[in-house]
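A.B. asks: A single structure is presented below for examination.
The values are calculated or read from the model by the stated rules, or taken from the named source; none is laboratory data. Since the structure is predicted, the reported quantities are computational estimates derived from the model, not experimental observations. With ideal geometry, Cβ positions are generated from the backbone for all residues, glycine too; neighbour counts draw on all protein chains shown. What goes into the accessible areas is simple: the full protein's heavy atoms, side chains included, and nothing from ligands, DNA or RNA. Shrake-Rupley method; radii C 1.70, N 1.55, O 1.52, S 1.80 Å.
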Amino acid sequence: MSLVMIGLEIHAQVTALKSKLFCSCRGNYRDFKPNTNICATCSGLPGTLPVINRKAIEYSAMISIALGCKVPNKVMFYRKNYFYPDLPKNFQITQYNVYGFSSIGVEGIFELDDLKKIRISRIQLEEDPGRIAYVDSGMNVTNSALIDYNRAGVALIEIVTEPEFTNPKEVRLFLNKLSLTLQHLGVCDTLLEGSVRCDANVSLKGGNKVEIKNINSFKEVEKAINYEITRQSSMYNRNIKVEFETRHWDDRKKITFKARSKEEEHDYRYFPEPDIPVIVLGDGFVSNIKDLMPELPLQRFNRFVSKYKLSEHTSNILINDKKLADFFESILKIHFSPVEIANFLITDFKSLIEDDVENIDYLTNMKVKPEHIGELVKMIEENKISRITAKDILIKIFDSGKLPSEIANSTNSFKISDEKILIDAVESVFNTEKSAVEDAQTNHEAINFLLGKVMKFTKGRADPKIAMRLINTRLNKAGT
Amino acid sequence: MISKVDLAHLAQISKIDLSEEEIEKFPMQLERTIEYIDVLEELSSDDSIDLDLQEIKFDQLRDDLIKNADGERISKNLTEDGYLKGPKMK
Amino acid sequence: MSNLYDLLASEVVDGIKEGLFTTEEYVCSVIKRIEDVESKLHSFISLDSEGAVSSAKLIDRKLREKEKIGPLCGIIVGIKDNISTKNIKTTCASKMLEDYIPPYDATVVRHMKENGAIIMGKLNLDEFGMGSTTEYSRYGPTHNPWNLDYVPGGSSGGCGAAVASGECTVSLGSDTGGSIRCPASFCSVVGLKPTYGKVSRYGLISYANSLEQIGPICRSVKDIVMIMNVISGKDMNDNTTIPSSSITINGKTKKLNVAILKELIDSCDGSVKKTIYSTAEKFKEIGCEYSEISIKNLNYALPSYYTLASAEASSNLSRYDNIRYGFDLPIDDYKWEQYFSTVRKNFGEEVKRRILIGSYVLSSGYYSKYYLKARRLRSLLRLELLTLFKQYDLFIGPTMPILPFKFGEKIDDPIKMYLVDINTVIANLASIPAVSLPVGFSNGLPIGLQMMAAPFEEQKLIDASYALENTINIRRRPNLT
């Protein structure tokens, strides 16, 4: 078997910021007409200066701490010099650690599972470039590019790992855990279109490293790496040397292809950004940030198990879907019955969502609110409705947003515990199911059949315990 | 010594086309400038010398607020749908 | 009997407020002066006489209606053409920005306007501030008002010439390695480069960000104080600004400890040396002691300056790719890299040389050899000076090592040209304030005294300058008829 080494460079936009990294334009550039979310600074007009956003430092420090990085006492920005039409100043303000540590996070450790840890070499804060729109013009070669600076200057964090992944599955696990961590911090919405990008470097058997660029979603990363491993293995098998090179991922054809050689000749001429002084974070900085930090997935898992007495399995399902876990906890504020609610959510509730997984943001847009689930579970617990009825009611809530009690009333869904009504129901079942009644005298199994018939007769509303007692009483009467 | 090849490389990373005249004249002129700044080599390369960079305290940084910058927009080279027209990429 | 255009800023403000003349009358007198001398001097790149007249009329109307106008009421300011002015073309004397009209005002311009100053136009400079003579302006050089065959100094040559000849009351220049003080010295006016961080750079089109400051060029020390108090202060648009106290004109000077920098005086021209020494004697008249001291790290100052300035410039000037602003060159049929390179060959030769040198000293393998060492020298030099400032209040010496020279004398030899900055770059490297004060003439050509003080000790520079100005009293008009 070939020994595979994979390292990642992940870019994620700090989507929780209101404004851009160095100016006061909107951080959320989506849904704007081209070049309308820009100012003199982010479009690189002469004479403008970067004015750094304090929250961006705070959020990127949170990410660094969450990924086990050290946060230096002073952070600095550098200029990375290269020309490209999407870069308004033809340099990017970023961070750099060659002449001493100065990026927001360094030397981190991230636990994949009990056995495997991945070292994070650095986390840096930088500005996103603008975008170039490629217009397909069919047969004609376009004679110009269309540039949109709305995104230019949005705060971006770059997370660089050591090349310590040995297979694509580990990479997937890492990216899932990373997304979850970022979601819990509430600073990067990795599900937003274009908010994450990933580069991967892959080498086999200590051979040359191949850099794969332009992977535009976490989902594609595993595919790109698999492709690259296969490509490199077959080269080894044919005794062809793997070159040190940069390749691009084509997510339509699902292949990597060699970048033009010129792109590799970059000499970025880094030097300290003169317009941004060294930022002194101060002594209490890290502990202040830790106080501000929301709970991380592992802490939350431990709390769910210890405080709510949920099983590890149940806790995991909830926590792996941050919004579902949040939803769960807001239901608890209305009706504190953690085990029941958790079970209801991961079985009945999730079974209704599952078909619609594409709709990732279902929890924000749906009509079902914590109040609904709280009341519904309470009704089950108080024996007012059956579990089956509860699911039917839930479907109706999805459509109408009405309260469960209201739906139960209007559809006559409450359990029937009135003995008079139930005696009538039992009586009518005994009249129609004579042979079963006879069987039941000797065969205990047949009693369940009779109960089923009573439930059916009452459209599932009969309180099964009472109905069972009444059936037994009636049987005894018939036997004598 | 700055050769014409070095000069071509510098011109390439700086994205400047040089004229015939400049290609003849610049190597010598740049070489003299570099010789002049080469005296810096005499200086100690002691890493412990603080670079004495200007500092700013974290809490003095800008708040995360949105401000619309109307009228500070670019107006040159815009297409009808608002894109900026740049040279072709391929 | 002096002409209105000859008045100092303080005299203009008083004259208008006392009703001796209207703002409009003053502005028209200056416009007339420009019409008379501008063809000889070429101080301006763009003139906005109409705008100036209508601003003047507005001020007069407000005064009639008893509205309050700021402390610069009615004075006329010329702005170096690398400082952004909303709706007025800002070219940096470069082809690359020949059509560029900024959509915003630099912070200093906004402050000047808000305090009652009137913008007359944009003043000539060496392209992007790179030069010491204005010969590197795309629009042709400015001439020295004291002798039209001579350079006015640079890069703020237009500022020096315009102020000296009465084409504006005051001007705002920028100083990266001496660009305010050099023309102040060559044109016999006062120029101040403030402490780094005292004045906002927002809107100043960067040449070398870590070294440069905007500052005033005026005909008197009092005018310098008036302008400084309006333009300095913390600016939320510039993270490198630091709040600082205002400065005043004190009648009395405290006893100052003055040191002549030996290296600077030893290496200068004989006539300059003589004038500087006789000025040093005047310090005794105003009650100050002086002695001569030597600075260890001075040999490396200029190489260090050119390394850092070129490095920063090469990056700052990357943005000129002609896509968002620039001159007319259709993009069609160019591949982007080709287009960028074709466009960027339109920088002037000196700018190109500095971009190439800057790329060289930053490129991999050379960074620690040049950039890092230059940065360390900067730090060592600052440290050495700060230590000396515990003992001395002011360092003095000639602003320029030579007298103004003729056009073309140094233009073909970059190193010769760089060497004229040797005295001025010290203050930029050390981030300290420095002033150039006119102190005499030799063969009809001006000589300036440079004084440097510890960071944010502008007050000491002003105290000494004001006292010397009154003692020396060389205020003369260049003869331009």
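A.B. asks: Cβ contacts < 6 Å: first residue more than 19 Å from A:N90 (Cβ to Cβ), restricted to the range C:304-317; second residue small (G, A, S) and assigned to a helix (DSSP H, G or I), any location; separation 6+ or different chain. Result?
C.D. replies: From residues that are more than 19 Å from A:N90 (Cβ to Cβ), the pairs are C:S304/C:A374; C:T307/C:A374; C:L308/C:A374.
A.B. asks: Please count how many residues of the range C:346-384 are among the charged types (D, E, K, R), buried (at least 20 other Cβ atoms within 10 Å of the Cβ) and away from chain A (no Cβ under 13 Å).
C.D. replies: Total meeting the criteria: 3.
A.B. asks: What residue, of B:L7, B:L43, is within 21 Å of the chain's Cα centre (by Cα) and either away from chain A (no Cβ under 12 Å) or surrounded by 15 or more Cβ atoms within 10 Å (Cβ to Cβ) (or both)?
C.D. replies: B:L7
A.B. asks: Inside the range C:62-102, can you point out the residues that are part of a loop (DSSP other than H, G, I, E, B), surrounded by fewer than 21 Cβ atoms within 10 Å (Cβ to Cβ), of a type outside the set (D, E) and over 21 Å from the mean Cα position of the chain (by Cα)?
C.D. replies: C:K66, C:K68, C:I69, C:G70, C:P71, C:N87, C:I101
Listed here are the residues, each with its yes/no results for (1) surrounded by 16 or more Cβ atoms within 10 Å (Cβ to Cβ); (2) free of Cβ contacts under 8 Å to residues at least 24 places away in the same chain; (3) of a type in the set (K, R); (4) part of a loop (DSSP other than H, G, I, E, B).
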| site | (1), (2), (3), (4) |
| --- | --- |
| A:D291 | no, yes, no, no |
| A:P294 | no, no, no, yes |
| A:R303 | no, yes, yes, no |
| A:L318 | yes, no, no, no |
| A:F327 | yes, no, no, no |
| A:V339 | no, no, no, no |
| A:I346 | yes, no, no, no |
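A.B. asks: Same structure, new question: Being within 14 Å of another protein chain (Cβ to nearest Cβ) and β-branched (V, I, T): is that true of C:I323 here?
C.D. replies: Judged against the criteria, C:I323 is a match.
A.B. asks: Could I ask something else about it? Could you identify the single residue in B:E35, B:E31, B:E55 that is more than 8 Å from every other protein chain (Cβ to nearest Cβ) and open to solvent by 60 Å² or more (accessible area, probe 1.4 Å)?
C.D. replies: One residue alone meets the criteria, B:E35.
A.B. asks: Additional query: Which of the residues belonging to the range A:4-38 are without any contact (Cβ under 8 Å) to a residue 40 or more places away in the chain and open to solvent by 10 Å² or more (accessible area, probe 1.4 Å)?
C.D. replies: Answer for the range A:4-38, where residues must be without any contact (Cβ under 8 Å) to a residue 40 or more places away in the chain and open to solvent by 10 Å² or more (accessible area, probe 1.4 Å): A:K18, A:S24, A:R26, A:N28, A:D31, A:K33.
A.B. asks: Sticking with this one: Looking at C:T342, C:T241, C:T307, C:T248, which is the one that is among the β-branched types (V, I, T), surrounded by fewer than 18 Cβ atoms within 10 Å (Cβ to Cβ) and within 14 Å of chain A (Cβ to nearest Cβ)?
C.D. replies: C:T342
A.B. asks: Another one. Contact list please: Cβ distance under 6 Å, first residue in the range C:128-143 and free of Cβ contacts under 8 Å to residues at least 60 places away in the same chain, second residue among the β-branched types (V, I, T), pairs at least six apart or on different chains.
C.D. replies: Hits for this filter: C:T134/C:T142.
A.B. asks: If I filter the range A:410-439 down to residues being of a type in the set (K, R) and modelled with pLDDT of 80 or more, which single residue comes out as most open to solvent (accessible area, probe 1.4 Å)?
C.D. replies: A:K420
A.B. asks: Output the residues belonging to the range C:385-421 that are of a type outside the set (V, I, T) and within 14 Å of chain B (Cβ to nearest Cβ).
C.D. replies: Selection gives C:L385, C:L386, C:K410, C:D412, C:D413, C:P414, C:K416, C:M417, C:Y418, C:L419, C:D421.
A.B. asks: Hey, another quick one. Where in the range C:169-225 are the strands (runs of 3 or more DSSP E), entirely inside, with at least 1 residues that are within 14 Å of chain A (Cβ to nearest Cβ) and open to solvent by less than 10 Å² (accessible area, probe 1.4 Å)?
C.D. replies: C:170-175, C:213-218
A.B. asks: If the requirement is being assigned to a helix (DSSP H, G or I), of a type in the set (D, E) and either more than 27 Å from the chain's Cα centre (by Cα) or closer than 30 Å to C:N316 by Cα (or both), which of these qualifies: C:E24, C:E38?
C.D. replies: C:E24
A.B. asks: Give all pairs with beta carbons closer than 6 Å in which a residue from the range A:458-469 that is open to solvent by less than 50 Å² (accessible area, probe 1.4 Å) meets a residue that is in a helix (DSSP H, G or I) and modelled with pLDDT under 80; count only pairs at least 6 apart in sequence or on separate chains.
C.D. replies: From the range A:458-469, the pairs are A:G460/A:I388.
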